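A.B. asks: Structure in structure tokens, see below.
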Amino acid sequence: MSEEETTEELTEEEIQSLEEEAKDAKQLEQIDAEYNLCYGSQENKIKESLKRLRLFNNQSRKKDKVGDPLLFTVFQTVFSALYEDRLNVTFEGNEEGDEATAENLTELAKHDYRVMQKDKVDHDWDWDACFFGRGLLLLNEFDRTEGVMSPVPEVIDPMTFLRDPNATSVNGDMRGRGSMRFGGREIGLTRAQMEDLEGGEGGFFNLDKLKKNKEINSLNAEARQLRKEAQGTQDLTTSEDALDNNYEYTLLEWFTHIDGKKVIITSTNGRKTIVRRQELKDDRWCIIDRPLFPMAHDWDGVSIPDLIEDKQRARAKMINLGLDAAISDLHPMYLYNKKKIRNKRDLDFAFNKAVGVDGDVNNAYMPMQKATTVSSQVQNIFGILDTAAQKAVAAPDVAQGVSPTQGRTLGETELVASGRSARMGLAAAIWGWSDKDFWRQWYFLYKEHFLDDIDEKVIRISSPLSTKWRTLDKANLVSRLDPDITIESTKVSESKRAREFQEFSTFAQVAMQDPETNRRYLNRRLGKLAKLKTSELLLVFPPTPDEIIAEDENENLADNKFVEGNSFDDHIVHMEVHQKAGTTPAVLAHIQFHKQMIKNQKEFPEAFPQEQPQEGLEASTAINAPEPTQAPSADLLAPTANI
């Protein structure tokens, strides 16, 4: 039977099945080649990084030896300083009218910080970055559960992640150069966990082909084993085979390019069976990398263990040598004269024991001469190692909560603290890169998964008097142009705000001596610098009638609708408020009207016999005041035809 006749006998479903199998086989072959390349280039570094966990935990050592906690001390000093300095996010619109959307996104980000448990996520993400040099975070899933409705961040274990050897970062530069062509990680999932995501786009399939077998060179298994060894506990990986329902299958989640498109392919059974395939709709990988001390054109950079490991080993060796020396002083070696002491057993120690010797007792038994104290050279080496470790990562004794070993003046201590703040500020600024990428991906997931006219999310907004609830849908979360994202360190922003408050306070004292100064603006600006919320400022400085009227006029002006001006308005206040309405022709014409009125009031004051009260209760009275007996002449008023 010819091949054509055989093909004709196959059903359409069978032909489609054969095509799918051929497609899977080709993709698995590609993944296998990429995996082997990555594994060969990073196997040794991963094993070395896992061994360093023993130094950090300090559990895996001989029980009669003492470990030095230098790595732990320095690591916790740097890590705590960076983790404590929370990075704040602010969204800014790129088009007129996007201010409200940007404000909604900023408030939603604060709300989702709690929902996504980002404080815990940041802890693990930051820890990986400090210990391994670069932390990785996956932001790809969107949880539609009621009460959650937000993206789901997941910290990737760097010890189970393999990446393109030529990559310098996950997504490279603006043009994508240096980005990861392929890479992936091993994960463990039970059948029930896969069934929860079975079917649909990006869901699991081929679950009937799952087999209970472990990878020969499993990164996941090796990482678990070495971590347990570092903790001094027993590895029970072999007992996993006895499980049934909760058996954890080893999967390879691989990020690669298929036909020029970014795809995530999950395989199992030793990279022989594909169980999940997801095509990414973004042009960037959904992995965010966070480096600690990055190097240009290099992925790994420098980690804290890179700088401290050798110094801890040297210190531990010298400490244990010192202990051995102290013990040897209690149990020294002796020399004795065999001619005078015939029986060696007489030298065994016992209380009130007398030993007989032949002849004079002098030079019959004496300790062997050796060094009895730690030399000054050893002390110098300890100091050099301490100083080198502290300089490397800006972790002086003061930052560790320890009194400095040498006396310093207050000025010197302040200089040390200032220099350390600069170093920590650099690390925080570098982490701001990854946090900006995080919130960019967070915004993209809302664009992708939030459904028009269907999905809603209610967020809580605290106000001075009560808690408010704001309902958000896709229309007031997503703008035509993606918003700008600003990331700022809490410590940096607090320092900047304090400096601005002091400088503006000095200026305000001088400015208020001028009777024509806009004092309400000065006071509100000082309130903002003092971190008062807008709702609080409105309670402290209630809007004047002119401000309320101008805000109402803005609604029509923003839509380019005609608004008739009033010659008795407080024109300065109106122009200030109308600046918020945008730059439509109606806004520009209305502002021009207020400018003309200011000129007319200055040139022809007799045409405006009644002064416009500025604010408060006087302004309220002015609104209800009777019309002046003499109205300004028509030629002094700006023509309304151009408004």
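A.B. asks: More than 28 Å from GLU99 (Cα to Cα), touching a residue at least 12 places away in the same chain (Cβ under 8 Å) and crowded, with 16+ Cβ neighbours inside 10 Å - does that describe any residue in region 549-565?
C.D. replies: Kept after step one, since they are more than 28 Å from GLU99 (Cα to Cα), are these residues of region 549-565: none.
No; the residues of region 549-565 include none that is more than 28 Å from GLU99 (Cα to Cα), touching a residue at least 12 places away in the same chain (Cβ under 8 Å) and crowded, with 16+ Cβ neighbours inside 10 Å.
A.B. asks: Additional query: Quick check, is GLU253 surrounded by 17 or more Cβ atoms within 10 Å (Cβ to Cβ), among the acidic types (Asp, Glu), within 21 Å of GLU29 (Cβ to Cβ) and touching a Ser or Thr at 6+ places or on another chain (Cβ under 8 Å)? Can you show your working first?
C.D. replies: Numbers: surrounded by 17 or more Cβ atoms within 10 Å (Cβ to Cβ): yes; among the acidic types (Asp, Glu): yes; within 21 Å of GLU29 (Cβ to Cβ): yes; touching a Ser or Thr at 6+ places or on another chain (Cβ under 8 Å): yes.
Against the criterion (surrounded by 17 or more Cβ atoms within 10 Å (Cβ to Cβ), among the acidic types (Asp, Glu), within 21 Å of GLU29 (Cβ to Cβ) and touching a Ser or Thr at 6+ places or on another chain (Cβ under 8 Å)), GLU253 qualifies.
A.B. asks: Does TYR334 count as at pLDDT 75 or above, in contact with a strand residue (DSSP E or B) (Cβ under 8 Å, 6 or more places away or on another chain) and farther than 30 Å from GLU43 by Cα?
C.D. replies: Numbers: at pLDDT 75 or above: yes; in contact with a strand residue (DSSP E or B) (Cβ under 8 Å, 6 or more places away or on another chain): yes; farther than 30 Å from GLU43 by Cα: yes.
Here the answer is yes, as TYR334 does meet what is asked.
A.B. asks: Further question: Does HIS590 satisfy the condition of being more than 19 Å from GLU516 (Cβ to Cβ) and assigned to a helix (DSSP H, G or I)?
C.D. replies: Numbers: more than 19 Å from GLU516 (Cβ to Cβ): yes; assigned to a helix (DSSP H, G or I): yes.
Considered against the rule, which asks whether it is more than 19 Å from GLU516 (Cβ to Cβ) and assigned to a helix (DSSP H, G or I), HIS590 comes out as yes.
A.B. asks: List the residue pairs whose Cβ atoms are under 8 Å apart, where the first residue sits in region 87-99 and is farther than 27 Å from ALA429 by Cα and modelled with pLDDT of 85 or more, the second is small (Gly, Ala, Ser) and crowded, with 18+ Cβ neighbours inside 10 Å, and the two are 6 or more positions apart or on different chains.
C.D. replies: From residues that are farther than 27 Å from ALA429 by Cα and modelled with pLDDT of 85 or more, there are no pairs.
A.B. asks: Please find, among ASP289, ASP283, the residue that is in the same structural domain as LEU136 (by TED's automatic domain parsing), among the charged types (D, E, K, R) and part of a strand (DSSP E or B).
C.D. replies: The conditions single out ASP289.
A.B. asks: Applying the selection to region 267-319, what residues are closer than 22 Å to GLU34 by Cα and in contact with a Cys (Cβ under 7 Å, 6 or more places away or on another chain)?
C.D. replies: LEU280
A.B. asks: Let me spell it out: the conditions are (1) in contact with a Leu (Cβ under 6 Å, 6 or more places away or on another chain); (2) over 22 Å from PRO291 (Cα atoms), and HIS449 meets all of them except one. Which number is the exception?
C.D. replies: (1)
A.B. asks: Is there a residue being among the aliphatic types (A, V, I, L, M), in a helix (DSSP H, G or I) and modelled with pLDDT under 70 anywhere in region 352-372? Break it down into steps so the answer makes sense when it comes.
C.D. replies: Residues of region 352-372 that are among the aliphatic types (A, V, I, L, M), as a first pass: 354-355, 357, 361, 364, 366, 368, 371.
Filter again for in a helix (DSSP H, G or I), leaving none.
The answer is no, given that none of the residues of region 352-372 is among the aliphatic types (A, V, I, L, M), in a helix (DSSP H, G or I) and modelled with pLDDT under 70.
A.B. asks: For ARG276, indicate whether it is modelled with pLDDT of 90 or more, assigned by TED's automatic domain parsing to the domain that holds LEU162 and either hydrophobic (A, V, I, L, M, F, W, C) or surrounded by 15 or more Cβ atoms within 10 Å (Cβ to Cβ) (or both).
C.D. replies: It is true that ARG276 is modelled with pLDDT of 90 or more, assigned by TED's automatic domain parsing to the domain that holds LEU162 and either hydrophobic (A, V, I, L, M, F, W, C) or surrounded by 15 or more Cβ atoms within 10 Å (Cβ to Cβ) (or both).
A.B. asks: Among the numbered criteria (1) in contact (Cβ under 8 Å) with a residue 12 or more places away in the chain; (2) surrounded by 15 or more Cβ atoms within 10 Å (Cβ to Cβ), which one does ASN166 miss?
C.D. replies: (2)
A.B. asks: Does LEU28 qualify as being part of a helix (DSSP H, G or I), assigned by TED's automatic domain parsing to the domain that holds LYS228 and farther than 24 Å from PHE255 by Cα? Before you say what the answer is, go through the steps one by one.
C.D. replies: Details: part of a helix (DSSP H, G or I): yes; assigned by TED's automatic domain parsing to the domain that holds LYS228: yes; farther than 24 Å from PHE255 by Cα: no.
No; evaluated as a whole, the condition is false for this residue.
A.B. asks: Do you know which residues across region 132-185 are at pLDDT below 95, among the acidic types (Asp, Glu) and not in a loop (DSSP other than H, G, I, E, B)?
C.D. replies: Hits for region 132-185 are GLU141, ASP143.
A.B. asks: While we're here: Quickly run through region 544-563 and pick out the residues that are in a loop (DSSP other than H, G, I, E, B) and of a type in the set (Asp, Glu). It would help to see each step written out before you state the result.
C.D. replies: In the first step, residues of region 544-563 are kept if they are in a loop (DSSP other than H, G, I, E, B); the result is 544, 559-563.
ASP559, the sole residue that qualifies.
A.B. asks: Can you tell which of ASP112, ASP122 is at pLDDT 85 or above, of a type outside the set (A, V, I, L, M, F, W, C), within 30 Å of GLN231 (Cα to Cα) and buried (at least 20 other Cβ atoms within 10 Å of the Cβ)? Explain how you work it out, then say what you get.
C.D. replies: Values: ASP112 fails: within 30 Å of GLN231 (Cα to Cα).
Of the residues listed, the single one that is at pLDDT 85 or above, of a type outside the set (A, V, I, L, M, F, W, C), within 30 Å of GLN231 (Cα to Cα) and buried (at least 20 other Cβ atoms within 10 Å of the Cβ) is ASP122.
A.B. asks: The conditions are (1) surrounded by fewer than 20 Cβ atoms within 10 Å (Cβ to Cβ); (2) touching an Asp or Glu at 6+ places or on another chain (Cβ under 8 Å); (3) farther than 27 Å from PHE161 by Cα, and GLU107 fails exactly one of them. Which is it?
C.D. replies: Failed condition: (2).
The values are calculated or read from the model by the stated rules, or taken from the named source; none is laboratory data. Since the structure is predicted, the reported quantities are computational estimates derived from the model, not experimental observations. Every residue, glycine among them, receives a Cβ derived from its backbone with ideal geometry; neighbour counts consider all protein chains shown.
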